[in-house]
Amino acid sequence: MKSGNAPSEWRHLLPRPGPDAHKHARGRLGVVSGGPLNTGAARLSARAGLRIGAGLVKVFCPPDAAPVLAPTLEAVMLASFASPDQLQNLAEPMDAVVIGPAAGLTEGTALNLGALVRTGAALVVDADALTLFRDRSDELFAWLDRDDVLTPHEGEFERLFPGLLEALGREGAAAEASRRAGAVVVLKGSATVVAAPDGRMTVNGGGSPWLATAGSGDVLAGMIGGLVAQHMDSFDAARAAVWMHSEAARRFGPGLIAEDLPDGLPAVLADLLGN
């Protein structure tokens, strides 16, 4: 069931706050940060989630990262955890959680992911949280369900699904990967492929070359998480976020850095929502 990724396919599905909306009703997004020298990626994801409409965004960090993060966050909230069990307790109220951006290639990241699985929140799994399972992908897949989203670039995809790209091409590989993982797969690239385990697929052609900059994937993970937190179907959230991510980059153009992307989202959203 392949479709194009024109906004007409999903515009009507975008979350719109009602007159009685409050921050908890608009979705709660968590983002797991790395250590004190690796906090930037989580900040990018968190700001993107807030800009795309999540009513409450909270960064979860190791205790030694809290003094680094606290002076840099305003509307985004902060909580520290010293164990996977503490992370699980903090994340219980969340509708969605992003884990992976600069999280660290350590067993601690795997344990943190396992703790998040127990919360029932929808998960957006990116970057280090993907690479960490390169030799144990079945363990990761056993934790996932259809509401979860994997967001690999080609290198990360090859580590989790060796040989699929060469054998099946990007579209076929993404479809098979989604079937194996039992989750939505966003295979990033100039023509990003979004595939769901029920067979839905879309290809976002014409991706902006200005997105080839450090941190842009962290922003995309936060955007997807922000939409999923607002109870948008994970496949629709992923394809909408991919299009808006590219459109924000196209509008900004030369000189784009990842920090610019979240602040470009309000104008893109306003056009989509007719405001």
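Scan the range 137-147 and tell me whether some residue there is touching a strand residue (DSSP E or B) at 6+ places or on another chain (Cβ under 7 Å) and not hydroxyl-bearing (S, T, Y). Explain how you work it out, then say what you get.
From the range 137-147, those touching a strand residue (DSSP E or B) at 6+ places or on another chain (Cβ under 7 Å) are 147; that's our starting set.
Adding the requirement that they be not hydroxyl-bearing (S, T, Y) leaves 147.
Within the range 137-147 (the criterion being touching a strand residue (DSSP E or B) at 6+ places or on another chain (Cβ under 7 Å) and not hydroxyl-bearing (S, T, Y)), the answer is yes, since at least one residue qualifies.
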Checklist line | the range 116-126 - residue that is assigned to a loop (DSSP other than H, G, I, E, B) and in contact with a strand residue (DSSP E or B) (Cβ under 9 Å, 6 or more places away or on another chain) and, of those, nearest to S83 (Cα to Cα) | finding: T119
Next item on the list: Sort out which residues of the range 145-191 are surrounded by 15 or more Cβ atoms within 10 Å (Cβ to Cβ), hydroxyl-bearing (S, T, Y) and over 17 Å from P101 (Cα atoms), and write them in order of number.
Entry: S178
Notebook entry, point to check: Taking A42 and the conditions (1) surrounded by 20 or more Cβ atoms within 10 Å (Cβ to Cβ); (2) within 30 Å of G274 (Cβ to Cβ), which numbered condition does it fall short on, given that it satisfies the others?
Noted result: (2)
Notebook entry, point to check: Considering the range 157-171 alone, what residues qualify as being among the charged types (D, E, K, R) and closer than 15 Å to D138 by Cα?
Noted result: E158, R159
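Conditions (1) under 15 Å from the mean Cα position of the chain (by Cα); (2) under 20 Å from A241 (Cα atoms), marked per residue:
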{"position": "R136", "(1), (2)": "no, no"}
{"position": "H153", "(1), (2)": "yes, yes"}
{"position": "L165", "(1), (2)": "no, no"}
{"position": "G172", "(1), (2)": "no, no"}
{"position": "R179", "(1), (2)": "no, no"}
{"position": "A191", "(1), (2)": "no, yes"}
Notebook entry, point to check: Does S83 meet the test of being touching a Leu at 6+ places or on another chain (Cβ under 8 Å), more than 21 Å from L220 (Cβ to Cβ) and of a type in the set (S, T, N, Q)?
Noted result: no
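Select from the range 30-47 the residues that are in a helix (DSSP H, G or I), in contact (Cβ under 8 Å) with a residue 60 or more places away in the chain and touching a helix residue (DSSP H, G or I) at 6+ places or on another chain (Cβ under 7 Å) and write down the one among them that is farthest from A110 (Cα to Cα). First the steps, then the outcome.
In the first step, residues of the range 30-47 are kept if they are in a helix (DSSP H, G or I); the result is 40-47.
Okay, now just the ones that are also in contact (Cβ under 8 Å) with a residue 60 or more places away in the chain, so 40-42, 44-47.
When the remaining residues are screened for being touching a helix residue (DSSP H, G or I) at 6+ places or on another chain (Cβ under 7 Å), the result is 41, 44-47.
Values: A41: 18, L44: 22, S45: 19, A46: 21, R47: 24 Å.
So, considering only residues that are in a helix (DSSP H, G or I), in contact (Cβ under 8 Å) with a residue 60 or more places away in the chain and touching a helix residue (DSSP H, G or I) at 6+ places or on another chain (Cβ under 7 Å), the one farthest from A110 (Cα to Cα) is R47.
Matching residues to (1) closer than 14 Å to T151 by Cβ; (2) surrounded by fewer than 23 Cβ atoms within 10 Å (Cβ to Cβ); (3) small (G, A, S):
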| position | (1), (2), (3) |
| --- | --- |
| A212 | no, yes, yes |
| A238 | yes, no, yes |
| G253 | no, yes, yes |
| I257 | no, yes, no |
| A270 | no, yes, yes |
Notebook entry, point to check: When you look at L78, is it more than 15 Å from V184 (Cα to Cα), assigned to a helix (DSSP H, G or I), touching a strand residue (DSSP E or B) at 6+ places or on another chain (Cβ under 7 Å) and not hydroxyl-bearing (S, T, Y), yes or no?
Noted result: no
Item checked: helices (runs of 4 or more DSSP H) wholly inside the range 177-275 that include at least 3 residues being touching a residue at least 24 places away in the same chain (Cβ under 8 Å) and among the aromatic types (F, W, Y) -> 234-252
Check: All but one of (1) farther than 17 Å from A258 by Cα; (2) part of a helix (DSSP H, G or I) hold for L50; which doesn't?
Finding: (1)
Note to self: Checking A82 against (1) under 17 Å from L150 (Cβ atoms); (2) surrounded by fewer than 19 Cβ atoms within 10 Å (Cβ to Cβ); (3) touching a Pro at 6+ places or on another chain (Cβ under 9 Å): exactly one of these is not met. Which one?
What the structure shows: (1)
Next item on the list: Kindly provide the set of residues from the range 1-35 that are among the hydroxyl-bearing types (S, T, Y), in contact with a strand residue (DSSP E or B) (Cβ under 8 Å, 6 or more places away or on another chain) and over 27 Å from K58 (Cβ atoms), ordered by number.
Entry: S3
Next item on the list: Give T106, T72 a once-over and let me know the one that is under 22 Å from L140 (Cβ atoms), surrounded by fewer than 20 Cβ atoms within 10 Å (Cβ to Cβ) and not charged (D, E, K, R).
Entry: T106
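Where a number appears in this text, it was derived from the coordinates with a stated rule and is not lab data. All values derive from a computational prediction rather than experimental measurement. FYI the Cβ positions are ideal-geometry reconstructions off the backbone, even for glycines, and counts take in every protein chain you see.
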